[in-house]
Protein chains: 2
Amino acid sequence: MPRPTIALDAMGGDAAPNIVVEGAALARVRFPDVKFIMFGDKRKISPLIDKHDNLKRSVSIYHTDDAVSSEERPAVALRQGRNSSMQLAINAVNSGEAAGIVSAGNTGALMAMAKVSLKMLPGIDRPAIAAPCPTKVGESVLLDLGANVEGDAENLVQFGMLGAAFARTVFGIEQPTVGLLNVGAEEVKGHDAVRQAAAIFRERKLPFTFHGFVEGDDIGAGSVDVFVVDGFTGNITLKTLEGTVRLYSEYLQQTFRSSLMSKFAYFLARGAFAKMKARIDPRRYNGATFLGLNGVVVKSHGGTDSFGFANAIGVAVDMATNDINDFIVRELAEYGEQDVPQARIV
Amino acid sequence: MPRPTIALDAMGGDAAPNIVVEGAALARVRFPDVKFIMFGDKRKISPLIDKHDNLKRSVSIYHTDDAVSSEERPAVALRQGRNSSMQLAINAVNSGEAAGIVSAGNTGALMAMAKVSLKMLPGIDRPAIAAPCPTKVGESVLLDLGANVEGDAENLVQFGMLGAAFARTVFGIEQPTVGLLNVGAEEVKGHDAVRQAAAIFRERKLPFTFHGFVEGDDIGAGSVDVFVVDGFTGNITLKTLEGTVRLYSEYLQQTFRSSLMSKFAYFLARGAFAKMKARIDPRRYNGATFLGLNGVVVKSHGGTDSFGFANAIGVAVDMATNDINDFIVRELAEYGEQDVPQARIV
């Protein structure tokens, strides 16, 4: 079992650096061999680390006073944030010091910095943001969640390759199924990009099973392991899903509060409800990953807590220990576009 | 109070004509003055009507042997379905015999026939499918749900006008708020069409309040009365929402079944849960409407029951009695595109 080192942007997130350090301590319980480099304000980070015996010998701190604020425009962060905790953490991945980076900071800045520093994998034109989501039968991965607001058929095909690699290496599914989100299951449905992508999937030899078109309600049903969609629709879809879970939870709480009898009922069933809550807990699905970059980059929700941050670290560790990017490069060499220049494949 | 006559496609839907006749009987309880013309197989419809005293004098039957199947391609239905219950019901709207039509049949065929027969309202280039959805604070309307898979900024602006007219006439909201679904709330976010649409909304005088960009989780929160999005994303969004509600309900059932104690808890709280179920009942939100056509057209879910079908009838009655299309034409004349030829506005 390898012992990956993960770079952590200690200053990113609403409750940083606390959730970062506490999250790292929690992650070490699940991955006792993992090491961390924390980038940020040493004066704030050190006293927090001192509280955790399992961090003292597994964390090195790289001090910087600079941090990217959550409101900063990506282009500005890129120009002015050379010494920011975020950029320095990315640099550690680029230099090979760290096998991956986790940040709960500014998403746009993280994407911009990661693209410029790490560059794309050979054969991939654009990165995609991917995240696991709960389904009736387990979990599936959904991408792109907004790295791109426009794209063509070949981008969708590449997202399929990336998502399948994620399902294979992180979920451990040998032959994942991939579906293209569309407005109907029939071949004639949808706009040009999605129909062309389906045509390409059907004619190529693939390292996964192409299931065809799927619809929005297939996500909850878990009809496929990988849901592929453009970043505009994917972003709105994921946030609608999150908003609907929140609405339903709100209705449920109101229901239990509505009478003495229902309050008592909740008291009786509270154990079962704790289990249900854990199952749909958004913190469990925290950790969106930027696929297609030449380095493992995981973005935690900015508002998460230490439990959620620990799960984001878990995603980075899984991706790093399973060498997802080497895997993607090999698969693209074998199954990617025929006209990819072989010279580009390292 | 006007007494609208509604044309019903008695042969559309999985359980037609039963749900259509039973639904009509239920709708008459809420709208005692409404009249119906049912199009379909008289031998099947008549005996069903005879069971309901409140239908006997309020329903006329127009017999036809022909019906559009749920698998029929729209173009084929259009060519070969001239005598179908669906087409004849649309004709009744076109001739003025009926103030609106409700069908639980083939969506694509209904849209194709309605577009060809009824045509667009002056100033509207494309129809949009709109449906109400539950929110934390009540209900909002979401459009387009898939009438178009592509469109430009002006289409989105027109959808905003249509959705606002729906919110004003059906929800009774004097000054509705309209939001454009996007990947973020900032002005710079999104692709060209959505940013241009926002720019147009900001520069025009409008009969509603333009709220700016909204995100997927704003739907559940009910941040605006009208959510505007392209048909591709809107269709996937609505189905994701439905799928998530189904997933959550499934989890909830499993939770209550998980132990004797939780089964007892459900027994105690069953009244409160019946209320919650009613609140998110998809049948309550049944009835997607085709806005922008020169006639009221409401599409019921094909798999609905009589309660759901009655709600779809309710949407048609609300739209017809509030003269939504006259309202839209007047608003477009006052607030629509400056270069709309006045001659086109009847």
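The values are calculated or read from the model by the stated rules, or taken from the named source; none is laboratory data. Since this is a predicted model, take the numbers as computed values, not measurements. Quick reminder, even Gly has a Cβ in these numbers, built from the backbone with ideal geometry, and neighbours come from all protein chains shown.
Does B:GLY308 fit the bill of being under 23 Å from B:LEU145 (Cα atoms), away from chain A (no Cβ under 14 Å) and touching a Ser or Thr at 6+ places or on another chain (Cβ under 7 Å)? Against the criterion (under 23 Å from B:LEU145 (Cα atoms), away from chain A (no Cβ under 14 Å) and touching a Ser or Thr at 6+ places or on another chain (Cβ under 7 Å)), B:GLY308 qualifies. The set of residues in the range A:209-243 that are in contact with a Lys or Arg (Cβ under 8 Å, 6 or more places away or on another chain) and small (Gly, Ala, Ser) comprises A:GLY216, A:GLY220, A:ALA221, A:GLY222. Of all residues in the range A:85-104, those that are of a type outside the set (Ser, Thr, Tyr) and either out of contact with any helix residue (DSSP H, G or I) (no Cβ under 8 Å at 6 or more places or on another chain) or in a loop (DSSP other than H, G, I, E, B) (or both) total 8. Among the residues of the range B:226-243, those identified as closer than 17 Å to B:ASP144 by Cα, touching an Asp or Glu at 6+ places or on another chain (Cβ under 6 Å), within 8 Å of chain A (Cβ to nearest Cβ) and not acidic (Asp, Glu) are B:GLY231, B:LYS239. Among the residues of the range B:272-284, is any more than 7 Å from every other protein chain (Cβ to nearest Cβ), surrounded by fewer than 24 Cβ atoms within 10 Å (Cβ to Cβ) and of a type in the set (A, V, I, L, M, F, W, C)? Checked against the condition, which is being more than 7 Å from every other protein chain (Cβ to nearest Cβ), surrounded by fewer than 24 Cβ atoms within 10 Å (Cβ to Cβ) and of a type in the set (A, V, I, L, M, F, W, C), the range B:272-284 yields at least one hit.
Here the condition is being under 22 Å from A:ASP218 (Cα atoms) and of a type in the set (A, V, I, L, M); of B:LEU252, B:LEU260, B:LEU291, it holds for B:LEU252 alone.
Per-residue answers, yes or no, for (1) at pLDDT below 95; (2) closer than 19 Å to B:ALA165 by Cβ:
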| residue | (1), (2) |
| --- | --- |
| B:GLU203 | yes, no |
| B:GLY216 | no, no |
| B:SER223 | no, no |
| B:VAL228 | no, yes |
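Scanning the range B:245-288 for residues that are among the β-branched types (Val, Ile, Thr) and either at pLDDT below 85 or in the same structural domain as B:ILE90 (by TED's automatic domain parsing) (or both) gives a single hit, B:ILE280.
Can you tell me which residue among B:ASP217, B:ASP225 is among the acidic types (Asp, Glu), touching a strand residue (DSSP E or B) at 6+ places or on another chain (Cβ under 8 Å) and assigned by TED's automatic domain parsing to the domain that holds B:TYR285? B:ASP225 is the lone residue from the list that is among the acidic types (Asp, Glu), touching a strand residue (DSSP E or B) at 6+ places or on another chain (Cβ under 8 Å) and assigned by TED's automatic domain parsing to the domain that holds B:TYR285. Of the residues screened, B:ARG79 is not one that is surrounded by fewer than 20 Cβ atoms within 10 Å (Cβ to Cβ), under 21 Å from B:VAL297 (Cβ atoms) and in contact with an Asp or Glu (Cβ under 8 Å, 6 or more places away or on another chain).
Looking at this structure, is B:PHE307 within 30 Å of B:ALA198 (Cα to Cα) and either in contact with a helix residue (DSSP H, G or I) (Cβ under 8 Å, 6 or more places away or on another chain) or free of Cβ contacts under 8 Å to residues at least 60 places away in the same chain (or both)? So B:PHE307 does not fit the description; no.
Being within 23 Å of the chain's Cα centre (by Cα), in a helix (DSSP H, G or I) and in contact (Cβ under 8 Å) with a residue 60 or more places away in the chain is the requirement here; does B:ILE313 meet it? Give the derivation first.
Working: within 23 Å of the chain's Cα centre (by Cα): yes; in a helix (DSSP H, G or I): yes; in contact (Cβ under 8 Å) with a residue 60 or more places away in the chain: yes.
So B:ILE313 fits the description; yes.
Scan A:PHE264, A:PHE232 and give me the residue that is without any contact (Cβ under 8 Å) to a residue 12 or more places away in the chain and assigned to a helix (DSSP H, G or I).
Values: A:PHE232 fails: without any contact (Cβ under 8 Å) to a residue 12 or more places away in the chain.
Exactly one of A:PHE264, A:PHE232 is without any contact (Cβ under 8 Å) to a residue 12 or more places away in the chain and assigned to a helix (DSSP H, G or I), namely A:PHE264.
Looking only at residues in the range A:1-54 that are touching a strand residue (DSSP E or B) at 6+ places or on another chain (Cβ under 8 Å) and β-branched (Val, Ile, Thr), which one is surrounded by the most Cβ atoms within 10 Å (Cβ to Cβ)? Once the filter is applied, the top-ranked residue is A:VAL20. Among strands (runs of 3 or more DSSP E) entirely within the range A:111-225, having at least 2 residues that are touching a residue at least 40 places away in the same chain (Cβ under 8 Å) and within 14 Å of chain B (Cβ to nearest Cβ) singles out A:128-135, A:138-143, A:177-181. Selection of the range A:244-254 for residues being within 7 Å of chain B (Cβ to nearest Cβ), touching a Lys or Arg at 6+ places or on another chain (Cβ under 9 Å) and surrounded by fewer than 24 Cβ atoms within 10 Å (Cβ to Cβ) yields A:ARG246, A:GLU250, A:TYR251. Taking the range A:257-266 as the range and being in contact with a helix residue (DSSP H, G or I) (Cβ under 8 Å, 6 or more places away or on another chain) and either closer than 13 Å to B:SER262 by Cα or more than 7 Å from chain B (Cβ to nearest Cβ) (or both) as the test, the residues that pass are A:ARG257, A:SER262, A:LYS263, A:PHE264, A:ALA265, A:TYR266.
Hey, does the range B:302-325 have a residue that's aromatic (Phe, Trp, Tyr), at pLDDT 85 or above and outside the structural domain of B:ALA10 (by TED's automatic domain parsing)? It would help to see each step written out before you state the result.
Going residue by residue through the range B:302-325, those that are aromatic (Phe, Trp, Tyr) are B:307, B:309.
Next, only the ones that are at pLDDT 85 or above stay: B:307, B:309.
Now restrict to residues that are outside the structural domain of B:ALA10 (by TED's automatic domain parsing): none.
Within the range B:302-325, not a single residue is aromatic (Phe, Trp, Tyr), at pLDDT 85 or above and outside the structural domain of B:ALA10 (by TED's automatic domain parsing).
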